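Below is one structure; the comments refer to it alone.
Just so you know, all these numbers are worked out from the coordinates, no wet-lab data involved. These numbers come from a predicted model, not from an experiment. Neighbour counts run over all protein chains shown; Cβ positions are idealised from the backbone, glycine included.
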Amino acid sequence: MAAESKQLHPALQYLKDNAVVIGLVVIVAASVAFFAFTQSAPAEKQAAEVKPTAPATAVLEPNAGATAATSPSEAPAGQAGSNGSSTGATGPENGTQPAPTPTPTKVVLGSEPQAVAAKDWRSYAQEFSKAWVNTADGKDAWLGRLKPMVSADLYAGFTRTDIGTIPTAQYQSVSLAEESLASKTFRAYSTSGAMFEGRVSVQADGSWIVDQVGPPKK
């Protein structure tokens, strides 16, 4: 008589008979668990919002007003929309000082071509003519009197001048011969007649200087 086959435990036998069904159940359960896990994960953080930078502090120009304009949102209660909110107050109640007085602009004479009145050049031409005809105390003294009133080129020519050729006479007057916007040509006279013709030119600082001297034209 053949040996009886070994009987499996009832639980094991159940698993063997229902292996396919059990496998499907396990797969479905795993899928549900994975889906639930992904749905409960925290949402991705949004990018941090970029905060605007603080507005730059205004820089006052030299001689600008003492205070800046007040915006409507910053105006004290009861003063919104008033004209006084657009400028800094100068009253003693808030301690703000008045705006400084602007520094006046310095004007330099002679910086541009300008029409010069006759009286401006005449006194200068007179002083030069008196110094030119005065040869007392020798050539060095003569050059010393002329140097501050003439250009460097004209002074160099005077250093080679024979003062013995200068007429011995007394200065009398000057008259205008020719003129332009920035120079005057004059004729100098002594008690004996015409001595020479010279030209005075206005400089960048508004002063005059003699830059030409020659014999008088007939």
**Message:** Distance cut-off 24 Å, Cα to Cα: go down the list Lys147/Lys184; Lys130/Lys218; Lys139/Lys217; Lys147/Lys218 and report the pairs above it.
**Reply:** Lys139/Lys217; Lys147/Lys218
**Prompt:** Separation between the Ala141 and Thr161 pseudo-spin-labels, each 7 Å from Cα along Cα→Cβ, expressed in nm?
**Reply:** 1.7 nm
**Message:** Per-residue counts of other Cβ atoms within 10 Å, averaged by peptide: what ranking do you get for 164-177, 191-204, highest first?
**Reply:** 191-204, 164-177
**Request:** Work through the residues other than Pro216 whose Cβ is under 12 Å from its Cβ and net out their charges, Lys, Arg +1 and Asp, Glu -1.
**Result:** +2
**Asked** How far apart, in nm, are two points set 7 Å out from the Cα along the Cα-to-Cβ line at Lys217 and at Val20?
**Response** 13.6 nm
**Prompt:** How would you order 184-190, 139-145 from highest to lowest mean count of nearby Cβ atoms within 10 Å?
**Reply:** 184-190, 139-145
